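Comments concern the structure below.
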Amino acid sequence: MTTEDRGSNIAGEKPDVEETVETDEATVTETAELERTLGLVGGLAIGIGTMIGAGIFVFPGLAGAEVGTAATASFAVGGVVALLVALPTSELATAMPKSGGGYYFISRGLGTLAGTIVGLSLWLGLVFATAFYLVGLGFYALDALAEVGIQVGGSPELIVSVIAVLAGIGFTVLNVTGTENAAKLQNGIVALLLSMLAAFLGFGLLEVFGVVDADTPAGEAQDDWGLVPIMSVAALVFTSYLGFAQVATVAGEMKQPGRNLPLAMIGSVLIVTVMYVLTIYIATNVFDRAALEAAGETAMVEIGRELLGTPGALVIIVGGLLATMSSANASILSTSRAIYGVSKDALLPEWAARINLKYGTPHVALGMAGGPVIVLAATRQVALLAEVASFLHLIMYGLICVALIAIRRDEPEWYDPDFRVPGGPVIPALGALASFGLIAFMETLSIAIGVAVIFATAGWYFYYAGDVNLKGAL
Amino acid sequence: MTRVLVPVAILKGEMVSAGLVDLLATVDVTVLGYHVLPEQTPPDQARAQFEDRATGALDDLTGQFHEAGGDADHRLVFTHDRRQSIDRIADETDSAAYAITGATGEVDRLLVSLTGEVDTAQITAFVEEVIGDRDIGVTLFAAGEKDDGRLETAAETLSAAGIDTATKWVAGNPFDSLIDAVADHDGIIMGEQAPSLASLLFGEEADRVAAASVGPVIVVRSAEKDKA
């Protein structure tokens, strides 16, 4: 396909489309090989590590304050939507096991305009998500300071912003200069996090069902089981599920992609859904809505204290710090990969994907991730950041489902996935409906910002890369 | 014909010394140009940027092996894991050994280590093939509690092939005494060791020997690993 003209962007750069042979162990191009080094555990760690971050530690207070125990249903809805998208994403990823993930599938399946919109909004969506994680980190760090007895002068809000911004700068610098195995560290953090959460959930469930009694106040949250409130909370907390598709962004580096990609994506969605639903169930049974509202972003700390005393609070604080850090770090990495994906296809200038030979890291792309993150993190708008991030991801998720339907309806010769979603177009159709439908339940301001981003990216396409043709360019 | 893999960190400017090129003139060589990337960089991204530069350097290197008289080709790999790439390419090219480059001039004498759980017959056969009918001497070396006669057996085989052979048994720490014995030799040939606690903590034995001995180290791959 190298002979076919794929057009060029306004600067005259052409998409870098090279014919490759994919094996279980490497991607082989004409002159080079790209080793696949990630196993199933590594893939699960990326999925779980990105997802189980800020969401579970920040949202119980906010979501429980809205609808009480009904928030368990909101988290379950989020999990179902994620699963409906994870299945089609898995099929596409095994058919196109390349770095770039959702952007790649959509640009190949639906063409350059949809590809540009998704590619650029994925970048910005990840920027919003990272900022959200960093603000969560700031709140937990503030609690940690208070717990060890350090009184901070000035306004607490300001401290949160400062911590979030400093952490944003720190992670960006770390990713540019760090050549040690970040992935191994990530695996360790995820394992530690999972075991801490499992212990917390185990004890919490025993207490909720009255097997042990930690003297939590009687009386549950006044629950609001209405469909609309549940769905609008689901739209808010869906940020907790952003991350499973990030597994697809490292598809090119996954060993045995036909087996490991679906397992890692679907497995991580199932694992975190169970964790979330249980956590929120415990949280809303320990505290009522008023108490959850008062505790706010770090309500989980108070729940830990209620259940297990000061050690419980400390466990949650440490868990919250680890989780928000791992989410933020994983997202900055994904952002740089998203930028690389679009730059390779000449939708962004080529220099955006440059690597420095000293560290071997993509410093420009990491800067384009970290820079806007820092600005957004300073705003401290937890709910707004989360919803805009979800909005931009949901657009991509919906379009992934549409891309699958489109590709299947007129199956090209090269399309040969190892994993096929059963049931014909039913699951992808539901996935698309659910993804776009969830957007309708968001706050007006979030939708407005999201739509503005979409129009801006579409405008960029017509200005910069209107002549580039990517449909079916493998 | 026997093939030896020569992994080279091609974009870090690693070169192959003239002595090693000459030593390997009797066997087929695959030069493996590799570039290790941190986790945050997709290998494909590095390929797009560095492929041409790396291929140019690999062509030059392969040319050196051709000039020395051997048959040589090359592969280029972008990876997160050097070890995994070396193992995979060695399997795919059916290489009997891989070389760790090091500085050396003309090779007059090789130190061959038979310490530990290695297939001495396999190593001996490899040494015989590499040296061929050239005037290169061999010191067979092993360290351990008691001499089980493995050196004598190997020495007989090599002497029969017309190679000037000496033996050296040392009852000391295998690693330190091997390094002590390196003086007056221009390179080391050793067997591949099974992973151990020490290799997990300090890195692979062959890499440590190479670091301590300065000269090139050729590691004969164990036959069992070939099957896997």
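To the nearest ten degrees, helix A:54-67 and the longest principal axis of the Cα atoms of chain A are 60 degrees apart.
Show me the ranking of peptides B:44-55, A:42-53 by mean Cβ neighbours inside 10 Å, starting with the highest. Spell out each step's value before the answer.
Working: B:44-55: 20.2, A:42-53: 27.5.
Ranking, from highest mean packing down: A:42-53, B:44-55.
Placing +1 on the Cβ of every Lys and Arg and -1 on the Cβ of every Asp and Glu, with nothing else charged, gives chain A a dipole about its Cα centre of roughly 480 debye. In the structure shown, the pairs A:LYS471/B:LYS12; A:LYS358/B:LYS168; A:LYS14/B:LYS12 are assessed against 32 Å; a Cα-Cα span above that value is assigned to A:LYS471/B:LYS12; A:LYS358/B:LYS168. Here the extension length gained between A:ASN356 and A:VAL426 equals 20.6 nm, from 0.36 nm per residue of separation less the Cα-Cα distance.
Given their separation in residues at 0.36 nm each and the Cα-Cα distance between them, B:ASP52 and B:ASP94 gain 12.5 nm when the chain is fully extended. Computing FRET efficiency as 1/(1 + (r/R0)^6) for B:GLU145 and A:LEU263, where r is the C-beta to C-beta distance and R0 is 56 Å, gives about 0.70.
Could you give the semi-axes, largest first, of the ellipsoid that matches the range A:249-332, computed as the square roots of 5 times the alpha carbon gyration tensor eigenvalues and rounded to whole Å?
Details: eigenvalues 215, 44, 24 Å².
Calculated on Cα positions only, the semi-axes equal 33, 15, 11 Å.
Extending 7 Å from the Cα toward the beta-carbon at both A:LEU227 and B:ASP164 defines two label points whose distance is 9.4 nm.
Could you work out, residue by residue across A:357-367, how many beta carbons of other chains sit within 10 Å of that residue's beta carbon, and then give the average as an integer?
Values: counts 7, 0, 4, 11, 6, 8, 0, 0, 3, 2, 0.
Shielding by partners across A:357-367 averages 4.
Label separation (A:ALA191 vs B:SER196): 2.4 nm, computed from points 7 Å beyond Cα along the C-beta direction.
In what sequence, highest mean first, do B:74-82, B:209-217, A:126-134 appear when ranked by Cβ atoms within 10 angstrom? Spell out each step's value before the answer.
Numbers: B:74-82: 22.3, B:209-217: 19.4, A:126-134: 32.1.
Going from most to least packed, we get A:126-134, B:74-82, B:209-217.
Please list the equivalent ellipsoid semi-axes of the range A:344-474, computed as the square roots of five times the alpha-carbon gyration tensor eigenvalues, in descending order and whole angstrom.
Working: eigenvalues 164, 122, 45 Å².
Result for the range A:344-474: semi-axes of 29, 25, 15 Å.
Across B:ALA166, B:ALA90, B:ALA72, mean-square fluctuation computed from a Gaussian network of chain B (C-alpha pairs under 10 Å connected) peaks at B:ALA166.
Quantify how strongly other chains surround peptide A:36-46 by giving the mean number of their Cβ atoms within 10 Å of each of its Cβ atoms. Could the numbers behind the result be given before it?
Details: counts 6, 9, 3, 0, 0, 0, 2, 0, 0, 0, 0.
Mean partner shielding for this stretch: 2.
Scoring A:366-373, A:434-441 by mean Cβ neighbours within 10 Å over their residues and listing the highest first yields A:366-373, A:434-441. Scanning residues 5 or more positions from B:GLY187 or on other chains, those with amide H under 5 Å from its amide H are B:LEU111, with H placed 1.01 Å from N in the peptide plane. Here the range A:346-455 is treated with +1 on each Lys and Arg Cβ and -1 on each Asp and Glu Cβ, and its dipole about the Cα centre works out to around 360 debye. Think of each Lys and Arg Cβ as +1 and each Asp and Glu Cβ as -1; about the Cα centre, that makes the dipole of the range B:1-68 roughly 120 debye.
Against chain A, whose longest principal axis comes from its Cα atoms, helix A:112-147 is set at around 30 degrees.
Our compactness index for the protein assembly as shown, the C-alpha radius of gyration over the empirical 2.2 N^0.38 Å, is 1.10.
Each principal axis of the Cα cloud of the range A:285-426 was taken in turn, and the coordinate range along them, longest first, works out to 61, 49, 27 Å. Under 5 Å between amide hydrogens, built in the peptide plane, is the criterion, and for B:SER222 it picks out B:GLU192 among residues at least 5 positions away or on other chains. Here, chain B yields an orientationally averaged convex hull projection of 12.4 nm² when only Cα atoms define the hull.
Helix-derived [θ] at 222 nm for the protein assembly as shown: sum -39500 (n - 2.57) over DSSP H runs of at least 4, divide by residue count, nearest 500?
Details: 25 runs with 415 residues, N = 702.
The per-residue figure over the protein assembly as shown is -19500 deg cm²/dmol.
In this rough spin-label picture, where each label sits 7 Å from Cα along the Cβ direction, the A:ILE169-A:PHE462 distance is 4.0 nm. Projecting the Cα atoms of A:VAL364, A:GLY204, B:VAL209 onto the charge dipole of the protein assembly as shown (Cβ charges, centred on the Cα centre) puts A:GLY204 farthest toward the positive pole. With a 10 Å cut-off around each Cβ of B:71-83, the average count of Cβ atoms from other chains is 4.
Plainly put, the range B:48-150 has a radius of gyration that is 1.03 times its Kirkwood radius, both from alpha-carbon atoms, as the Rg/Rh ratio.
Counting only protein chains, not ligands or nucleic acids, how are A:LEU333, B:LEU178 ordered by accessible area (probe 1.4 Å), most first? Can you show the working numbers first?
Numbers: A:LEU333 30, B:LEU178 5 Å².
Ranked from most to least accessible, the order is A:LEU333, B:LEU178.
Across the range A:258-270, computed HN-Hα scalar couplings (Karplus, 6.51 cos²θ - 1.76 cosθ + 1.60, θ = phi - 60°) run x, 9, 6, 5, x, 4, 5, 6, 5, x, 5, 5, 5 Hz from first to last residue, x flagging Gly and Pro. Here's how it looks for B:ALA72: its modeled amide H is under 5 Å from those of B:VAL29, which are all 5 or more places away or on a different chain.
When the Cα convex hull of the range A:1-143 is projected onto planes of every orientation, the mean area is 12.4 nm². What the Cβ-Cβ distance of A:THR31 and A:VAL451 gives, at R0 = 45 Å and to the nearest 0.05, is a FRET efficiency of 0.55.
The values are calculated or read from the model by the stated rules, or taken from the named source; none is laboratory data. All figures in this text were calculated on a predicted structure; none of them were measured in a lab. Backbone-built Cβ (ideal geometry, glycine too); neighbour counts: all protein chains shown. Only protein heavy atoms, including side chains, enter the accessible area calculation; ligands, DNA and RNA are left aside. Shrake-Rupley method; radii C 1.70, N 1.55, O 1.52, S 1.80 Å.
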